[in-house]
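The block underneath contains the structure these notes are about, expressed in structure tokens.
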Amino acid sequence: MGVYTEYIDENFSFQQLQAERKKQIKRIEQIRKRPLLVFAADLKKANVPILINEADKIPFKDQVANIKSDEIDILLETPGGYAEVVDDLVNYLRKNYSKVGIIVPGTAKSAGTIFTMGGDEIFMTDMSALGPIDAQVQFNGNNRLSADAFIDGLDNIKDEVLTKGKLNPAYIPMLQNINPGMIEHCKNAQSLSRTLVKSWLEKYKFKYWDTHSSTGKPVTQEEKENRANTIASKLCEHKKWLSHGRSIRIDDLRDLGLKVDRIEDKPDLYDAVNRYNILLHLTFDSTTIYKVYETATSQIFSSQNPLAQNQQKQPQNPLLAQSKTINANTKCPKCGTNYTIQLNLAPNIPILNGNVPYPKNNILTCKSCSNQIDLRPLRMQIEAQTKRPIITQ
């Protein structure tokens, strides 16, 4: 039986899921002999700020404050975000810890890849994916494109004019919408990504690279600088990867000259990381939580509002954390019958007339059409918000 199936069959409550996540964090810490901080976003949720942004600074710093050590590991899961914010987060880490390991069990693309390059060690699985760091810039409202591709396109037009001695009229409408500020913005955005990666590789990742593995000869500072510049430039190169969303795997990074540790080569670590990653995604899938910042002893969640999954209305109660009972409306997706589910957070609370008690097995059978309605997302959400278990009768 696979680990995912194992956990699905357990039918965990929110508190049990959290306890299991903490258990795996502690396992990872015991194996790595250093504390772990998780900084993760749900890549599947829409219309919520899953990108790395300014709002991440306060909870990230808060969780870092819980870790008193000279070394730290970061388990990272992110679609990307703002390189300027990543710059601040990595610099804050490097001021507080002499060694930083980055563990990527799933995805850390774009600005997440830049973040990853700020570590002394990088750990990935065969399924893990980093991504190109070619800066994405916004033009004409919501249109986003690669700054590298934009500059290359202008260079191609210039080369064509120089070769043919005239400008193709088809380019005129596009060029009329471009100003020097836009061109400079693209160059600066690309320069920032490349500069951060080059600087961090030289300063941190290559700090302990003393000899060549193939020849045993000493590594010079010039060789470190050249290798860092090559890797940073290749990661920025849009025409190499063709798509900003392209997945860059372990072998791709090793081909660029970057040392990446394969988590599967350490079975105990792989089991702990894999279990935590599955539990993390079960947490995301079962609640409206879209960001997690957590250590072995603390956590902060960012949660979607106001609708929970399966279109069940999240209770709107300003005293939610102190409530003894909560009523939540849900509708059968098959026949449309409405139900008011009563979720008790204290014992011996009577079920009000017209309410349906929360079922022990988490499944509500529709009285009209016999459809089976899974109420676990609702339960998880309430337990996440109140930090108390639902009591069933």
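Other residues lying with their Cβ under 13 Å from the Cβ of Glu84 contribute a combined charge of -3, Lys and Arg counting +1, Asp and Glu -1.
When the Gaussian network model of the chain links Cα atoms closer than 10 Å, the mean-square fluctuations of Thr330, Thr283, Thr220 top out at Thr220. Rounded to the nearest Å, what's the spacing between the alpha carbon centres of segment 195-240 and segment 269-303? Just the number, please. Centre-to-centre distance over Cα atoms comes out at 33 Å. Taking the centroid of alpha carbons for each part, segment 90-111 and segment 6-68 are 14 Å apart. Given their separation in residues at 0.36 nm each and the Cα-Cα distance between them, Asn355 and Asn96 gain 87.9 nm when the chain is fully extended. The lysines within cross-link reach of Lys324, meaning a Cα-to-Cα straight distance under 19 Å and a gap of 8 or more places when in the same chain, are Lys313, Lys360, Lys387. Legend: calculated FRET efficiency, Glu222 to Thr195, from the Cβ-Cβ distance at R0 = 22 Å, rounded to 0.05, equals 0.75.
Rounded to the nearest Hz, the phi-derived 3J(HN,Hα) couplings of segment 211-216 under the Karplus curve 6.51 cos²θ - 1.76 cosθ + 1.60 (θ = phi - 60°) are 10, 6, 5, 7, 10, x, where x marks glycine and proline. Helical runs (DSSP H, four residues minimum) scored at -39500 (n - 2.57) apiece and divided by the length of the chain put the mean residue ellipticity at 222 nm at -12500 deg cm²/dmol.
Proximity of backbone amide H atoms, modeled 1.01 Å from N, is registered between Asn371 and Cys366 at under 5 Å, excluding neighbours fewer than 5 places apart on the same chain.
In the list (i) 45, 29, 17; (ii) 36, 22, 20; (iii) 52, 24, 21, the label attached to semi-axes √(5λ) of the Cα gyration tensor in Å as derived from the coordinates here is (i).
Surface analysis of the chain yields an accessible area of 50 Å² per residue, using protein heavy atoms and a 1.4 Å probe. Along the Cα-to-C-beta direction of Ser303, a point sits 7 Å from the Cα; which residues of segment 6-50 have their amide N less than 13 Å from that point? Residues 14-15 qualify, since their backbone N sits under 13 Å from the label point. A cut-off of 5 Å between modelled amide H atoms, ignoring neighbours fewer than 5 places along the same chain, links Ile289 with Gln304.
Placing Asp374, Asp9, Asp159 in order of accessible area, with the largest value first and a 1.4 Å probe, yields Asp9, Asp159, Asp374. Close amide-amide hydrogen proximity is noted between Tyr97 and no other residue 5 or more places distant or on a separate chain, at a cut-off under 5 Å (H modeled in the peptide plane; Pro and chain starts excluded).
Converting phi to 3J(HN,Hα) with the Karplus coefficients 6.51, -1.76 and 1.60 and the offset θ = phi - 60°, segment 374-387 yields 7, 9, 4, x, 5, 4, 4, 5, 5, 5, 5, 6, 8, 6 Hz in sequence order, with x at every glycine or proline. Structure shown: which of Lys68/Lys109; Lys57/Lys99; Lys205/Lys291; Lys61/Lys239; Lys45/Lys240; Lys22/Lys367 lie over 32 Å apart, alpha-carbon to alpha-carbon? Long pairs (Cα-Cα over 32 Å): Lys61/Lys239; Lys22/Lys367. Peptide packing for 294-302, 161-169 was compared via the average number of neighbouring C-beta atoms within 10 Å per residue; ordered from the highest value, the list is 294-302, 161-169. Surface composition of the chain: carbon plus sulfur atoms contribute 50% of the solvent-accessible area (1.4 Å probe, protein chains only, all chains present). Compared with the dominant principal axis of the Cα atoms in the chain, helix 83-96 is inclined by about 80°.
The values are calculated or read from the model by the stated rules, or taken from the named source; none is laboratory data. Because the structure is a prediction, the values reported are computed rather than measured. Backbone-built Cβ (ideal geometry, glycine too); neighbour counts: all protein chains shown. Just the protein is used for accessible areas: all its heavy atoms, side chains included, with ligands, DNA and RNA removed. Shrake-Rupley method; radii C 1.70, N 1.55, O 1.52, S 1.80 Å.
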